[in-house]
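So the structure is just underneath, and the comments pick up after that.
Just so it is clear, none of the values below were taken in a lab; they were calculated from the coordinates. Since this is a predicted model, take the numbers as computed values, not measurements. Cβ atoms come from the backbone with ideal geometry, glycine included; neighbour counts cover every protein chain shown.
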Amino acid sequence: MKPEAMSREEKKQFDAVEALSEIAQKINTIQEIKPLLDEILVLGLDELAAERGFVLLKSGETGEAFEVETSRNLSENQISDITQISSSVIRNVLSSGEAILLFEAEKDPRYRTAESIVIQKIKSIACIPLSIKNRQIGAIYLDSVSKRSRFTQENLPFLTAFANQAAIAIENARLYQALRNENRRLRGEVQRIHGFDEIIGRSREMEEVFDVMSRLLDTDASVLIEGESGTGKELVARAIHYNGHRKDKPFMALFCGALPGSLLESELFGHKKGSFTGAVTDKRGLFEAADGGTFFLDEIGDLNLDIQTKLLRVLQEGEIRRVGDNKVIKVDVRIISATNKTLTDLVQTGEFREDLYYRLNTIPLLLPALRNRSSDVPLLAHHFLDKFAARSRSEITGFERDTVEALMTHDWPGNVRELENTIERAVVMARGKLISRQDLRLPATGTQEDSFAGSLTLQELTRRAVKQALDAEEGNISAAAKILDVSRRWLHYKIKEWEL
Ligand SMILES: Nc1ncnc2c1ncn2[C@@H]1O[C@H](COP(=O)(O)OP(=O)(O)OP(=O)(O)O)[C@@H](O)[C@H]1O
Ligand SMILES: [Mg+2]
């Protein structure tokens, strides 16, 4: 039936249903308890044109104890006055589950002597139970110093329906809170089980990674970690070292792309005084420094062939020679290397020694791209949210529902690093207590860029992006690396290569 064709009574009912469904929609999307109670109180005040009010929740399953959770236009003193002296009203409501509406409170024989009604000149009072299946979880209290016609029995059905809706939303929010706590607890537990505290992930893909990791911890086998940029290669390398039997010995990391060949050689193996201009003293190389520990060779694909040959000897013989020195020095290091290139391709093109590849690759560890383990995205997102919210003392407590969806469907070309930066930015940008989809500022993955890319080489496109980011951040490398979602070391390397 169309609204025009209704009788007055039907029209009134129709309006009430509309209003209720609007209210339901509004409060059902609020997952945090405090903002939810605020909203419920505002809606209640509006409905009765009341000036003041509060929402109270029972504090135990049984008994009469309750707590005032949120209030409007009432001081602490007034609240305690009302809850004490009008306690009969509240107690009645909580025990009977029936609403009390007083249009002329001062005339009601049951309450007219109540001090609060007298002292505070309250004329109208409404106290509506929040019930779920005959169980009272609290009440909404509203009052006014004027005689408000809406505080009458006529409005009771609407108020009751509203309060029922509110009670369900409150239960849901509590459930959500409990789930979040449980989630947090479980996360802690899972981390404790595999011992790799900082590496977040429960997907099958990550379970496999943890499984391999835990099996190779106490061996000295070389590990080759492959994975796209930002998948956690360095994180995993460190975890292997710090959980293994070499943990009390040094962990040395070298970004292989950062230095030109000759310097890199002296960095790695050290040099003898006078072996080249600038070699004014004897110098110990990184391999010696890492003796007994772990050496992490990052971006191993960038190593030139000459150094590859020397590295192979270290791996085969367990010994090094400083540049310009004939003396052989024994070293005991475990090698973990990482790359986001496909080394087998480089072997094919002759850029990487096949024998070295097999030496490094005793145990391969492939880190999955984030888009291939999107079930871990909510876990990671909450992990980073906790981290950044705590760091910036922000009050943000969670994500809106469609925010999590957006996070899960995004492609994450920059993998976990991109997700981490996205959350860090969102924590700064967010205005509410929950991070909204807009706060994420996820780039649209469109076809526009694709057609643009068609006219340029990847190299040139990358160079332009780097230049743009550096310009935008006035040459600040950390900031530019953040924008680009790359490591600082990678950026350093590119700046040198392209002489930016
Ligand atoms: N599983 C994970 N759990 C928690 N944090 C992670 C995880 N994986 C990566 N990160 C975080 O993401 C960021 C990037 O990780 P990392 O530097 O290890 O990546 P990478 O694979 O070495 O990247 P690149 O190839 O660009 O050097 C770091 O801040 C790291 O702490
Ligand atoms: Mg890295």
Let a ≥ b ≥ c be the square roots of the eigenvalues of the Cα gyration tensor of the stretch 303-382; is it rounded (a/c under 1.5), or, if not, prolate (a/b larger than b/c) or oblate?
prolate
Is the stretch 3-174 best put as rounded, prolate or oblate by its Cα gyration tensor, with a ≥ b ≥ c the root eigenvalues, rounded for a/c under 1.5, and otherwise prolate when a/b is larger than b/c, oblate when not?
oblate
Taking the Cα centre of the chain as the origin, how large is its charge dipole in debye, to the nearest 20, when only Lys and Arg (+1) and Asp and Glu (-1) carry charge on their Cβ atoms?
820
Rounded, prolate or oblate: which one fits the stretch 371-445, using the alpha carbon gyration tensor with axes a ≥ b ≥ c (rounded when a/c is under 1.5, else prolate when a/b beats b/c, else oblate)?
prolate
Treat every Asp and Glu Cβ in the stretch 5-152 as -1 and every Lys and Arg Cβ as +1, leave all other atoms uncharged, and give the resulting dipole magnitude about the Cα centre to the nearest 20 debye.
420
Along the principal axes of its C-alpha atoms, what lengths does the chain span, in descending order and rounded to whole Å?
108, 52, 40
Which FRET efficiency value, to the nearest 0.05, is calculated for Leu305 and Ser392 with the Förster distance at 45 angstrom and r the Cβ-Cβ distance?
0.45
Check: in the stretch 3-174 the Lys pairs 8 or more apart or on separate chains whose Cα atoms fall under 16 Å apart number 8
Inter-label distance for Ser96 and Ile168, nm, one decimal - labels placed 7 Å from Cα along Cα-to-Cβ
2.6
Grab the Cα-Cα distance for Ser478 and Ala289, subtract it from 0.36 nm times how many residues apart they are, and report the gain in nm with one decimal.
65.3 nm
In the structure shown, of Lys233/Lys496; Lys233/Lys272; Lys283/Lys467; Lys249/Lys496, the pairs separated by more than 30 angstrom at the C-alpha atoms are Lys233/Lys272; Lys283/Lys467; Lys249/Lys496
Given R₀ = 56 Å, what would the calculated FRET efficiency be for Leu500 paired with Leu186, taking r from the Cβ atoms and rounding to 0.05?
0.75
Starting from the Cα of Lys341, draw a straight line to each of the aspartates and glutamates and keep only those under 16 Å, dropping any in the same chain fewer than 8 residues away.
Glu226, Glu228, Glu234, Asp298, Glu299, Asp302, Glu351, Glu354
In Å, the Kirkwood hydrodynamic radius of the stretch 204-366 over pairs of distinct alpha carbons?
16.2
Between Asp81 and Ala16, the two model label points (7 Å from Cα along the beta-carbon direction) sit apart by a distance in nm of 3.5
So what's the back-of-envelope 222 nm ellipticity for the chain, counting only DSSP H runs of four-plus at -39500 (n - 2.57) apiece and dividing by all residues, rounded to 500?
-15500 deg cm²/dmol
One finds, for Leu263 and Glu317 with R0 = 22 angstrom and r their Cβ-Cβ distance, a FRET efficiency to the nearest 0.05 of 0.40
